Amino acid sequence: MNRRDFLAQMGISTAAASLLMGLPSLCMGSAATNRRRRLVFVFSPNGVIPNHFWPDEAGKDFDLKRILQPLADFKDQMLTMKGICNRIQGDGDGHMRGIGCLLTGIELFPGDIQGGSDTPAGWSMGISVDQHVKNQLQADPATATRFGSLEFGVMVPDRADTWTRMSYAGANQPVAPISDPYQMFDKLYGQAKNREMLASVLDDLAGDFKRVSKVLSSEDRQILDLHLDLVRNVEKELKTELAAATKNDSGTVHAVPKLPPNIEEQNDNMPQITQMQIELMINSFLADFARVASLQITNSVGQPRMTWLDIKEGHHGLSHEPDSNEEAYEKLIRINTWYAEQVAHMARRMKETPDPSGHGSLLDNTTIIWTNELGKGNSHTRDNIPFVMVGGGLDFRLGEAYDFGKVPHNRLLLSILEGFGMPEKTFGNPEFCGDGPLTGLIT
Amino acid sequence: MFFGKRMNDHAITSTMKSLATNVEAIIRVSIRIGCCGIVCVLLSTGCQVSAEPPTDELPASGESGAGEMRRGQKIYTDQCLSCHGEGGRGGTEGYADPLLGDATVSDLASLIADTMPEEDPEQCVGDDAKAVARFIHETFYSEAAQRRNRPAQRDLSRLTGTQIQQSLADLYQHFFGPSYRVKERGLSASYFDSGRWDKEKLKVERVDPVLDFDFGRESPVEGVTPDEFYIHWSGSLRVEHTGRYEIVVESTCSMKLRFGHHDYVLIDNHVQSEGKTEFRRTLNLIGGRQYAIQIDFTQRKRKTELPPAKFALRWVPPGGAETVIPTEYLIPSTQPSGFALQTKLPPDDRSYGYDRGTRVDRQWDDAVTAAALEFGSIAGSELWPQYRRKHRRDSDENRSRLRGFLSELATIAFRAPLDEASQKLYVDDQLAEAEDDLLAIARSCLLIIKSPRFLYPTLDHDAAPSNRVATRLALTMFDSLPTDEWLLDQVSKNHFAPDHKDAEERIRQAALRMSDDQRLHGKMMEMFFDWLDIDPAAEVAKDENKYAGFDKVMILDLRRSLERTIGDVFWSDSSDYRQLFSSDFNWTNSRLGDFFGEGWIPGVEGRVEGRVDGVSNELVQSKPAGGRSFGVLTHPLVMSHLSYFDTTSPIHRGVFLFRRVLGRTLRPPNEAFTPLNPDLHPDLTTRQRVELQTGESKCQVCHQKINTLGFALENFDAVGRFREQENGKPIDATGGYLSRDGQQVSFATPADLANFMANNDDAHRAFVERVFEHFAKQPLAAYGEDVAEDLVKRFRDSGYHMRRLIVEVAVVVATHQLDQEYNNEST
């Protein structure tokens, strides 16, 4: 079977179907079930091509440029946010501060990671906003989940450095994203999967117990018989357990998604890996494993080669080309459009998936925040950092293009907290929080 | 190799009380009902069992116990025997199975009253049924009765917890090559005048005894600039005792530490970031194993101010305090990749005095499942890529490479070639079931490790004789599987076939070759700590006022010192048991020297290692102190364990020598006693207090044997420090011993005692038995009196050579069963 077909058919469709069947009872119970707000950060690297990214006009009547075209279906449920600037100075080069301060809003420690320019740096001095929200949710039994947050990656290099980490649990505590979908699957379902696997081999194992005990004296056979009884008991228990799990009448149990086999972490598999990760994310929301997630596509200065778009050069290399290099310029538009397609795919999957809490679709309760470490690749500017949001997890006014002029991005971090119902006076470096959250965003 | 995917969410923690507790419970119940004779034998020797059923002193209920038993016996003979056979063994036409089970006497009585004898159930009812039920229950039916009646024999056993850990370690190791023993200590170091590995810029190569450096902003070695350098340390970490180890690194610069598997990064501090300088990881590590360790330490050149360069490699061993890892645990050669099981396994039955895998229960089964899953995940991430690299030229048609990998894994795990059915079940079916390679590996490993073919090593009646020999050798010497190429090669040539005239000698040669192995070191050390009754993880608490300075760090130093003492004697050419009692020096350092004085003063200056108070942490030989130091016998770690919080305990010391060293039996005291409070008897010495308390004649029956042995060690106080006075009174260290044949020996000094222990026949016999049971995990008695005598004789003739003794034990285990079967076949 073609892997794409496999993906199209896999996991979630069954899960969604069974949920739909369980829906009447869910709806009845929903009066008592609060809506589950969720937050997802999607990162793509190396800046965008602003002219083909930002709508020309702010306001409700905005146009979607080439890069954002894939999001056309969601125009009513999205917003673009221009004028957000990462003002954090201090150690580290533009890319490092771009990713390391993006969600933390605070400087990097002095350290020994030297970029192409500026001074060397270490890790961020503070917690990132996703981890802050997760901690708040986990502190309240009503919103606590098994994992709190899940950090997905796509082809993030197996190298812990300032360019590869966006999320921080605290000062000097970078959170490593999991780039291997199988590893993420293990984290989410390993236990259930192992039990399923165990259940499927025990009968054969019991057969071999009989084979080996044939030649034994009755006394020696005693311990083996006892052992075999244990094997049979476990088998019986597991059967009952699995039967109960697949019955799916409570609505809280959902099918374990299936991943296509043997997808190696290689550049050319990036599209599949991205889709696998998105499926795992959707499924973990269905199971309420977490309410905060991130999907980090490669890393700051990431070098994916989008061979599936017939682009042979690495993204970061291309992003340094001057705008006058028309070929590179065009490729960068197409690369960024591909990222937008991934965001759109995620939004679509959320839109077609009913929220297990009974309140609309997943997308109605989830805000996807797509961002980047730079405003534009060849200038390394951290002004006008791309922020595009889709979905209704935050109480923001949607269907609008915003332009805030030139405000520190700490104010947006405060707005995110406000929109999530967790307002704070400051986040990150307080110097940039003086004017509080952005105004005019909240419905 | 130890974290991430490796850690199963559902790693089972052990909460089950040791099975030994159950046995204790049985014993306690027996005590209450008065079967005291049996109880004492069980408790004292652990493995001898009285073959005689108890015929008197049974609890009275209605009629006298003995009377009821006799009546029950008569009824059994008259009415039951014809079907149920002698001793309820069955095997008749009327009833084939033996009568055994766990029903109570009253259950049995009502069953008999209702149903027996079959032809006329009315014939045996009421008191008759009760009497015969009691007779059956007490004589052969109940578990306690079975235990009593069973002649010492070799049970079919599953792998013990230790054996599972060791076997999985070697199953892994098989794909990377065996670990080897080296004498050198410390870690290899390469200092580069560059920020990375660059042969041209290599300035200094040397062995660093420990890693504890504070270079500041200076150059670490000559020829290297302080503002940019790279140090690569490599070698391995030796582990003496199985347990949880916390590895601690302090580093102010960029640093990576690889551990176990050569590519497994345990600590990744690629980014130096201000304030992040301490890194801790906890691992379960296995005694007798050596784990590859590689460290990259880089001071990177930068525009901004350099941090001072500091690096320390420390650990917290089980029960220990945090210290710089001492040099004797570091070796400069990088050993092949290795594996340590992180899943906790429940403790095994120790009711016979050594671990036995004779019980299976749910908790154990769950733990084995968790272990199998853990191994399956590692097999996928570490063994499979290794196998693929080695076989990259082989054809991979129809997944034949993966098939080859799993077949080899199963063959090693099962200690024999796979038959057709096993090949299908353990390999082919799992491949067919899972399209995904890692999933197929996980399935296959789950089955292989949960298989009786892996878990019951002696379940190998079908295997070739040479396979069976190799299985028993590896089990005896290492608690593990045969995995070394040379041994597998000899097996494949059927080198140990019993019909060969030199078969036994060939087996001995193989055992000899195996005896020079680090894995034997682990099993040996476990035996000695067990013998000396020292739990390496246990704390030793002493009165802080009286023994100021006897703290956790010192206890750790003493543990190192004891390990070194034992290891040195064991691995010396003569490997002479008697030296354990005779060496007049100790392995020491200046800290121990300051505390313990003569006998502990370092004979040479130790290298100053570590920044701990600027004193040398390295163990060196002390200046000899004749008359004050007798090897293991008077080692402070042993003496302090056999003491109370603030005073010595001649009774504990005496019991230890009587039971453990001399192998004699003692029954437990009539009741529990609290030792007399020294504060209430300020004028008495410890010796006098003990004499006062145990002076009554009913105590003296045993204490005349115990006390006089313990008194001979009164020169060693509660922390093992030599003393000549107690409470201002001179120490009286005279003592004596009444031998098995009634001879009285007296000791004027500890030297006499040590000399006696080193050369006494009973002690030699007891040591042989202990070695046998620790290594074979079976009672020596089960192999017959001749075998025991022969081993003692060989031990004596070899000059009490301990390594040779273990070799001979392995030969006995490897040849015994085969001899029997071979002889049976030929007659």
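Miscellaneous remarks
- The strands (runs of 3 or more DSSP E) falling completely within region B:108-224 that include 1 or more residues that are away from every other protein chain (no Cβ under 14 Å) and small (Gly, Ala, Ser) map to B:187-192, B:212-216.
- Selection from region B:227-241 of residues that are buried (at least 21 other Cβ atoms within 10 Å of the Cβ), part of a loop (DSSP other than H, G, I, E, B) and out of contact with any Asp or Glu (no Cβ under 8 Å at 6 or more places or on another chain): B:Val239
- Residue check for B:Ala758: modelled with pLDDT of 90 or more, exposed (fewer than 14 other Cβ atoms within 10 Å of the Cβ) and of a type in the set (A, V, I, L, M): no
- Scanning region A:324-371 for residues that are in a loop (DSSP other than H, G, I, E, B), touching a helix residue (DSSP H, G or I) at 6+ places or on another chain (Cβ under 7 Å) and not polar (S, T, N, Q), we see that the one that is surrounded by the fewest Cβ atoms within 10 Å (Cβ to Cβ) is A:His359.
Listed here are the residues, each with its yes/no results for (1) under 24 Å from A:Val292 (Cβ atoms); (2) in a loop (DSSP other than H, G, I, E, B); (3) acidic (Asp, Glu).
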| site | (1), (2), (3) |
| --- | --- |
| A:Glu373 | yes, yes, yes |
| A:Ile385 | yes, yes, no |
| A:Gly393 | yes, yes, no |
| A:Lys406 | no, no, no |
| A:Ser415 | yes, no, no |
| A:Glu418 | yes, no, yes |
| A:Thr426 | yes, yes, no |
| A:Gly434 | no, yes, no |
| A:Pro437 | yes, yes, no |
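- Scanning region B:265-301 for residues that are touching a residue at least 40 places away in the same chain (Cβ under 8 Å) and either within 11 Å of chain A (Cβ to nearest Cβ) or more than 30 Å from B:Asp535 (Cβ to Cβ) (or both) yields B:Gln294, B:Ile295, B:Asp296, B:Phe297, B:Thr298, B:Gln299, B:Arg300, B:Lys301.
- Residues of region B:485-500 that are in a helix (DSSP H, G or I) and loosely packed, with under 14 Cβ neighbours inside 10 Å: B:Glu485, B:Trp486, B:Asp489, B:Ser492.
- Within the option set B:Leu306, B:Leu341, being in contact (Cβ under 8 Å) with a residue 24 or more places away in the chain and more than 14 Å from every other protein chain (Cβ to nearest Cβ) holds for one residue only, B:Leu341.
- Among the candidates B:Gln363, B:Gln335, residue that is more than 14 Å from chain A (Cβ to nearest Cβ), outside any strand (DSSP E or B) and of a type outside the set (Lys, Arg): B:Gln335
- Of all residues in region A:141-160, at least one satisfies being in the same structural domain as A:Ile368 (by TED's automatic domain parsing) and over 22 Å from the mean Cα position of the chain (by Cα).
Yes/no per residue for (1) of a type in the set (Phe, Trp, Tyr); (2) over 30 Å from A:Asn283 (Cα atoms); (3) assigned to a helix (DSSP H, G or I); (4) at pLDDT below 95:
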{"site": "A:Asp5", "(1), (2), (3), (4)": "no, no, yes, yes"}
{"site": "A:Ala16", "(1), (2), (3), (4)": "no, no, yes, yes"}
{"site": "A:Leu20", "(1), (2), (3), (4)": "no, no, yes, yes"}
{"site": "A:Arg35", "(1), (2), (3), (4)": "no, no, no, yes"}
{"site": "A:Trp54", "(1), (2), (3), (4)": "yes, yes, no, no"}
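- Filtered by the rule that a residue be under 31 Å from the mean Cα position of the chain (by Cα) and either within 13 Å of B:Gln299 (Cβ to Cβ) or within 14 Å of chain A (Cβ to nearest Cβ) (or both), region B:225-264 gives B:Leu257, B:Arg258, B:Asp263, B:Tyr264.
- Number of residues in region A:173-186 that are touching a residue at least 40 places away in the same chain (Cβ under 8 Å), in contact with a strand residue (DSSP E or B) (Cβ under 9 Å, 6 or more places away or on another chain) and either over 17 Å from B:Ser381 (Cβ atoms) or within 10 Å of chain B (Cβ to nearest Cβ) (or both): the value is 5.
- Residue check for A:Gly115: in a loop (DSSP other than H, G, I, E, B) and touching a Phe, Trp or Tyr at 6+ places or on another chain (Cβ under 9 Å): yes
- Cross-chain or 6+ apart pairs with Cβ under 6 Å, region A:205-233 first and in a helix (DSSP H, G or I), then among the polar types (S, T, N, Q): A:Arg221/A:Ser213; A:Leu224/A:Ser213
- Residues that are more than 7 Å from every other protein chain (Cβ to nearest Cβ) and in a helix (DSSP H, G or I) were ranked within region B:443-465; the one that is nearest to B:Ala503 (Cα to Cα) is B:Pro465.
- Qualifying position, being touching a helix residue (DSSP H, G or I) at 6+ places or on another chain (Cβ under 9 Å), under 30 Å from A:Phe152 (Cβ atoms) and facing chain B (nearest Cβ under 7 Å), among A:Leu198, A:Leu230: A:Leu198
- Selection from region A:111-152 of residues that are in contact with a Leu (Cβ under 8 Å, 6 or more places away or on another chain), more than 14 Å from chain B (Cβ to nearest Cβ) and either without any contact (Cβ under 8 Å) to a residue 12 or more places away in the chain or of a type in the set (Gly, Ala, Ser) (or both): A:Ser128, A:Ala144, A:Gly148
- Residue within region B:509-519 that is without any contact (Cβ under 8 Å) to a residue 40 or more places away in the chain, over 30 Å from B:Val638 (Cα atoms) and part of a helix (DSSP H, G or I) present: yes
- Set side by side, the residues B:Val655, B:Val690, B:Val719 differ, and just one is in contact with a Pro (Cβ under 7 Å, 6 or more places away or on another chain), in contact (Cβ under 8 Å) with a residue 24 or more places away in the chain, part of a helix (DSSP H, G or I) and crowded, with 21+ Cβ neighbours inside 10 Å, which is B:Val690.
- So B:Val249, is it assigned to a loop (DSSP other than H, G, I, E, B) and among the aliphatic types (A, V, I, L, M): no
- Number of residues in region A:287-317 that are out of contact with any strand residue (DSSP E or B) (no Cβ under 9 Å at 6 or more places or on another chain), in contact (Cβ under 8 Å) with a residue 40 or more places away in the chain and assigned to a helix (DSSP H, G or I): the value is 3.
- Residue in region B:532-552 that is buried (at least 18 other Cβ atoms within 10 Å of the Cβ) and in a helix (DSSP H, G or I) present: no
- Positions within region B:372-411 being within 25 Å of A:Arg221 (Cα to Cα) and within 12 Å of chain A (Cβ to nearest Cβ), in sequence order: B:Ala372, B:Ala410
- Residues that are basic (Lys, Arg) and over 17 Å from B:Ile534 (Cβ atoms), drawn from region B:552-580: B:Arg578
- Residue check: B:Leu285 meets all listed conditions (1) under 22 Å from B:Tyr191 (Cα atoms); (2) touching a strand residue (DSSP E or B) at 6+ places or on another chain (Cβ under 7 Å) but one, namely (1).
The values are calculated or read from the model by the stated rules, or taken from the named source; none is laboratory data. For clarity, every value in this text was computed on a predicted model and none was experimentally measured. Because the Cβ atoms are built from the backbone with ideal geometry, glycine has one as well, and the counts that use them run over all protein chains shown.
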